[in-house]
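Engineer: This is the structure, below, for whatever I ask next.
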Amino acid sequence: MRTDRVPETAHLLGYAGLIPFAASALGCLFLDGEWAAFALRSLMGYGAVILSFVGAVHWGIGLAAAEPRPALALVWSNVPSLLGWAGLLVGGGIGLAVLVLGLLAAWGVDRTLVRRGRLPDWYGRLRTHLTTGAVLSLLAGFAV
């Protein structure tokens, strides 16, 4: 799908979705004690939620598929949620790493679908920006 412009609503909502990441990351970097621990829980929780969100895109793709292979999209759609859950269960630095790797894997799958014309070009560009912001925010969690 060749489209150039990011729809305004997607643009606004996408970047607004980085606010909890940024706020939590700042808390990890500049707060102490229990507040820093709270910021880390907030950061990891939101990372897991966003992983579920990006996986849900593929659930929609699988449901809308007119081809005989929607199962692959449906199966993949569950992987980001499971990675988010695993990251929360493990916690700490390993949990953060799981969340970062999950976001990067989801971004990679989305970029592949953009290249194949299954997702619009603007979605790929937006996902690149949003994934960068999310991953940088999660990396700030290592400061705690």
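Engineer: With the chain treated as a Gaussian network of Cα nodes joined by springs under 10 Å, which of L96, L72, L119 yields the largest mean-square fluctuation?
Structural biologist: Of L96, L72, L119, the most mobile in the Gaussian network model is L72.
Engineer: Taking the Cα centre of the chain as origin, sum charge times position over the Cβ atoms of Lys and Arg (+1) and Asp and Glu (-1), and report the length of that vector in debye to the nearest 20.
Structural biologist: In debye, rounded to 20, the chain gives about 500.
Engineer: Just checking my list [x] 10, 32, 29, 19, 9, 1, 0; [y] 12, 40, 32, 13, 3, 0; [z] 10, 26, 27, 26, 12, 0 against P(r) over Cα pairs in 10 Å bins from 0, in percent computed from this structure; which label fits?
Structural biologist: [y]
Engineer: The stretch 1-89: which trypsin sites (Lys or Arg not before Pro) are DSSP loop and have at most 15 other beta-carbon atoms within 10 angstrom?
Structural biologist: Qualifying residues, ordered by number: R2, R5.
Engineer: Now for a different question. Mean Kyte-Doolittle of at least 0.0 plus a Cα span of 18 Å or more along the axis: flag which DSSP H helices in the chain meet both, please.
Structural biologist: Answer set is 33-64, 70-90, 92-115, 121-140.
Engineer: Between L101 and L31, take the C-beta separation as r, use R0 = 30 Å, and let me know the FRET efficiency to the nearest 0.05.
Structural biologist: 0.70
Engineer: Return the calculated 222 nm mean residue ellipticity for the chain, to the nearest 500 deg cm²/dmol, obtained by summing -39500 (n - 2.57) across DSSP H runs with n ≥ 4 and dividing by the residue count.
Structural biologist: The per-residue figure over the chain is -28000 deg cm²/dmol.
Engineer: Next question, about the same structure. Comparing L99, L113, L13, which has the greatest mean-square fluctuation in the GNM of the chain with Cα pairs linked when under 10 Å apart?
Structural biologist: L13
Taken together, the values in this text are just the output of simple stated rules run on the coordinates, not laboratory data. Note that the coordinates shown come from a computational prediction; the quantities given were computed from them, not determined experimentally. Cβ coordinates were reconstructed from backbone atoms using ideal geometry, including for glycine residues, and neighbour counts include every protein chain displayed.
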